[in-house]
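Some notes on the structure that comes next.
The values are calculated or read from the model by the stated rules, or taken from the named source; none is laboratory data. Please read all numbers here as calculations on a predicted model, not as lab measurements. Cβ atoms come from the backbone with ideal geometry, glycine included; neighbour counts cover every protein chain shown.
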């Protein structure tokens, strides 16, 4: 995802926690995965997030490269995490596309706060599903299962230009904390105009200054206004898709 950033990954900015060894060298080593002993015990998604998850999976698996793209926005409550939701989606796409191949990506604001925990969660998910030997590292911060790859990108710690471009799914985690100008400059140019599913998770806010200029606020508003291919999930509407045109 080269336009997401201009610099190569630097090991100087890696977290120093002991658990870093479970995601070896930011997923750039070529040897098989080390077994992960921690339990994958994140809470299961709420009924609302399950509804969104089902819709996202259907959007990704049911579209062809010639069809218009889909943009899905999902409201989260303050303090709510979609990490378990996201991990299960990543695993599904990697196994589903392991023969044909595809590239999906997760974009988040912070490497230490968002990207590293997400990578660790995916490793744990593979280990606890019995598939701990089925994946391997690819380019920096990318996991591969067969021919399918999933890439992790953060605003504050970009990946090298040799990273692949997504062609199936881009999920934007904490999109309420990602500035729309950064997104337009670094992410949007790498997203195809057809056949792509983009999902954004965020916490709506009337007072947060970062939210005012965020990509989540802009894309959420466009979906609620009835944008073609736009879908929004919100507790205010008891979670069913608010707009699906």
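Restricting the first member to region 38-61 and to residues that are surrounded by 13 or more Cβ atoms within 10 Å (Cβ to Cβ), and the second to residues that are in a loop (DSSP other than H, G, I, E, B) and modelled with pLDDT of 50 or more, the beta-carbon pairs closer than 6 Å and six or more apart or on different chains are 48/239; 51/239; 60/168. Residue 152 fulfils the conditions (1) touching a strand residue (DSSP E or B) at 6+ places or on another chain (Cβ under 9 Å); (2) surrounded by fewer than 19 Cβ atoms within 10 Å (Cβ to Cβ) except for a single criterion, (2). Checked against (1) out of contact with any helix residue (DSSP H, G or I) (no Cβ under 8 Å at 6 or more places or on another chain); (2) closer than 21 Å to residue 177 by Cβ; (3) modelled with pLDDT under 90, residue 113 passes all but a single condition, namely (3).
Condition check ((1) farther than 14 Å from residue 106 by Cα; (2) free of Cβ contacts under 8 Å to residues at least 60 places away in the same chain; (3) more than 16 Å from the chain's Cα centre (by Cα)) across all residues:
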{"position": "118", "(1), (2), (3)": "no, yes, no"}
{"position": "125", "(1), (2), (3)": "yes, no, no"}
{"position": "143", "(1), (2), (3)": "no, no, no"}
{"position": "151", "(1), (2), (3)": "no, no, no"}
{"position": "166", "(1), (2), (3)": "no, no, no"}
{"position": "188", "(1), (2), (3)": "no, yes, no"}
{"position": "195", "(1), (2), (3)": "yes, no, yes"}
{"position": "199", "(1), (2), (3)": "no, no, no"}
{"position": "209", "(1), (2), (3)": "yes, yes, yes"}
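Does any residue of region 220-232 turn out to be under 22 Å from the mean Cα position of the chain (by Cα), over 17 Å from residue 59 (Cα atoms), surrounded by 18 or more Cβ atoms within 10 Å (Cβ to Cβ) and modelled with pLDDT of 90 or more? For region 220-232, residues under 22 Å from the mean Cα position of the chain (by Cα), over 17 Å from residue 59 (Cα atoms), surrounded by 18 or more Cβ atoms within 10 Å (Cβ to Cβ) and modelled with pLDDT of 90 or more: present.
Condition check ((1) farther than 28 Å from residue 184 by Cβ; (2) modelled with pLDDT of 50 or more; (3) in contact with a helix residue (DSSP H, G or I) (Cβ under 8 Å, 6 or more places away or on another chain); (4) outside any strand (DSSP E or B)) across all residues:
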position: 35; (1), (2), (3), (4): yes, no, yes, yes
position: 43; (1), (2), (3), (4): yes, no, yes, yes
position: 71; (1), (2), (3), (4): no, yes, yes, no
position: 78; (1), (2), (3), (4): no, yes, no, yes
position: 85; (1), (2), (3), (4): no, yes, yes, yes
position: 90; (1), (2), (3), (4): no, yes, yes, yes
position: 93; (1), (2), (3), (4): no, yes, yes, yes
position: 98; (1), (2), (3), (4): yes, yes, no, yes
position: 106; (1), (2), (3), (4): no, yes, yes, no
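Would region 224-243 turn up any residue that is without any contact (Cβ under 8 Å) to a residue 24 or more places away in the chain, part of a strand (DSSP E or B) and touching a strand residue (DSSP E or B) at 6+ places or on another chain (Cβ under 8 Å)? Checked against the condition, which is being without any contact (Cβ under 8 Å) to a residue 24 or more places away in the chain, part of a strand (DSSP E or B) and touching a strand residue (DSSP E or B) at 6+ places or on another chain (Cβ under 8 Å), region 224-243 yields at least one hit.
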